[in-house]
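The values are calculated or read from the model by the stated rules, or taken from the named source; none is laboratory data. All figures in this text were calculated on a predicted structure; none of them were measured in a lab. Note that each Cβ is placed from the backbone with ideal geometry, even for glycine, and that neighbours are counted across all protein chains shown. Each accessible area value is taken on the protein alone, full model and side chains, heavy atoms only, with ligands, DNA and RNA left out. Shrake-Rupley method; radii C 1.70, N 1.55, O 1.52, S 1.80 Å.
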Amino acid sequence: KTVRRWAGFSMSLPEPVRRRLSSFSRTVFTDNNRTGPESRSDDNIPDNELVYNLPLQMSLYFNLCFFPFWWVSSIVMLQLKYPVLPDYYKFILVTIMIMTSMIEVIRLYLGYMGNLQEKVPELAGFWLLSLFLQLPLILFLLLNEGLKIQPLERAVHIIFMVFLIFQVVVAFLTLKKMVNRLAVRFHLREFDRLDNPLPSDRQGGPKMRVETPWVVGAPMEGIHSTNVGWGPAVRA
């Protein structure tokens, strides 16, 4: 039920962002050795079947449940040690808490949508936010001793870091599989389209011109009209 509910809910990314993330995914995650016609094992999966990674989805669910506890613990510890922190660390901690909270909401949403609905741009955005923004911020909170880290903070930061590392690795593997599968399906459709025989000029001439837009209709008509004119010339 949870999978169906999240799969039915959709809010797309802006089109420029989707194009950039799609281009990034094709560049980084495509395996050129598996996109040929020999990779027909992935073609057995129906096109309407949702292919998602179950361990990644479970980690996202537990991460979603854990995040409010991490946020409350971090806020309480920040209030307790705020008077003894230097001014620049006060500013840094408040900024990191705001950024982490906003990034985590967007990150979890992109992870759910990208994994459940097999949307490559959303899952690529989730992977980028996890690896290049959220993970460095958590490592800074965990390893900087100048922040006067408390035992509760260290514990929740370690759990958060484990979630992030696991999700980065699994999302990377899922993206490679997802992008390569889409590429294989695209190439197989192209091969199947080339294998189909072309219709005759009498039965499927207009259809051939629609399906192959690089064929111009005017020259073809000129050729047919020329063929008609050759008959009297030969008889003459």
Q. Tell me, in nm to one decimal, what length is gained between Phe140 and Val76 on full extension, where the rule is 0.36 nm per residue of separation less the Cα-Cα distance?
A. 21.2 nm
Q: Multiply the residue separation of Arg26 and Ser12 by 0.36 nm, subtract the distance between their alpha-carbon atoms, and state the gained length in nm to one decimal.
A: 3.1 nm
(Q) Multiplying the sequence separation of Phe166 and Lys90 by 0.36 nm and subtracting their Cα-Cα distance, what value in nm do you get? (A) 24.3 nm
Q | List Tyr89, Tyr82, ordered by accessible area with a 1.4 Å probe, largest first | A | Tyr82, Tyr89
Q.
Given an 8 Å cut-off on Cα distances and at least 6 residues of separation, report the relative contact order of the stretch 85-138 as a percent.
A. 32
Q: Give me the accessible area of Met102, 1.4 Å probe, in Å² rounded to the nearest 10.
A: 120
Q. When all protein chains stay in place, what accessible area (Å², nearest 10, 1.4 Å probe) is found for Phe91?
A. 140
Q | Label-point separation in nm, Met58 to Ile159, each point 7 Å along Cα→Cβ | A | 1.8
